[in-house]
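Step one of this worksheet: look at the structure below.
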């Protein structure tokens with residue numbers, strides 16, 4: 001990734017910067033990503049969003065290729081961190097796959113003092129419909145403070161499923177009642193909208209970030 005383009009929200013000097021990557025099938029400027037970025041900026045955080053190369057290529061007429069392997073995406077995430085010129089503490093994460101990629105590099109970066117926290121917005125604990133193919137091995141001993149915002153009906157990891165996983169004590173899970181993978185609940189069940197859950201998630205994230213060591 002030689003020419004990384006960031007979407008930025010927030011202009012709070014010295015505040016933490018949250019660097020977010022997108023999910024596997026949607027870009028960095030979706031309604032979901034924009035709502036999170038604007039909501040966090042309104043709560044005093046700086047936010048930067050970026051796209052992996054395969055997704056950025058779609059904007060200039062590239063084919064809709066599937067995401068490459070995790071190790072390549074992890075390298076691209078590291079490149080985005082290096083290219084980010086924001087001052088202040090850094091939190092990395094993203095939506096679904098973007099959060100998963102961040103989780104693979106966060107431990108080392110935290111040990112090096114380069115990352116203060118990890119934020120996962122709908123973590124894909126397993127592929128949808130394949131609960132036996134877990135993606136949790138590296139989460140058992142993760143030492144970086146981590147917040148996962150998850151809908152209780154998320155097909156990539158429901159509340160009941162996640163309750164049975166062995167996760168690091170550094171990981172906190174904020175549950176959003178009846179939420180799908182994008183935190184959208186059934187209004188007939190909860191009386192709430194996706195916007196309600198996204199706003200609540202932003203508040204929860206801001207509170208969590210403010211309590212991180214060094215922030």
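Things worth noting here:
This table checks each residue for (1) buried (at least 21 other Cβ atoms within 10 Å of the Cβ); (2) in contact with a strand residue (DSSP E or B) (Cβ under 9 Å, 6 or more places away or on another chain); (3) part of a loop (DSSP other than H, G, I, E, B).
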position	(1), (2), (3)
129	no, no, yes
135	no, no, yes
143	no, no, yes
149	yes, yes, no
155	no, no, yes
172	no, yes, no
179	yes, yes, yes
189	no, no, no
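- Some residue of the stretch 192-202 being under 16 Å from the mean Cα position of the chain (by Cα), crowded, with 21+ Cβ neighbours inside 10 Å, in contact (Cβ under 8 Å) with a residue 60 or more places away in the chain and assigned to a loop (DSSP other than H, G, I, E, B): no
- Taking each residue of the stretch 120-142 that is free of Cβ contacts under 8 Å to residues at least 24 places away in the same chain and looking for partners that are outside any helix (DSSP H, G or I) with beta-carbon atoms closer than 9 Å, six or more apart or interchain, yields 132/126; 133/126; 133/127.
- Residues that are closer than 19 Å to residue 24 by Cα and in contact with a strand residue (DSSP E or B) (Cβ under 7 Å, 6 or more places away or on another chain) within the stretch 44-80 comprise 48, 49, 50, 52, 77, 80, listed in sequence order.
Read-outs throughout are calculated quantities, based only on the coordinates presented, and are distinct from any laboratory measurement. Because the structure is predicted, anything quoted here is derived from the model rather than measured. All Cβ positions, glycine included, derive from the backbone under ideal geometry; neighbour counts span all protein chains shown.
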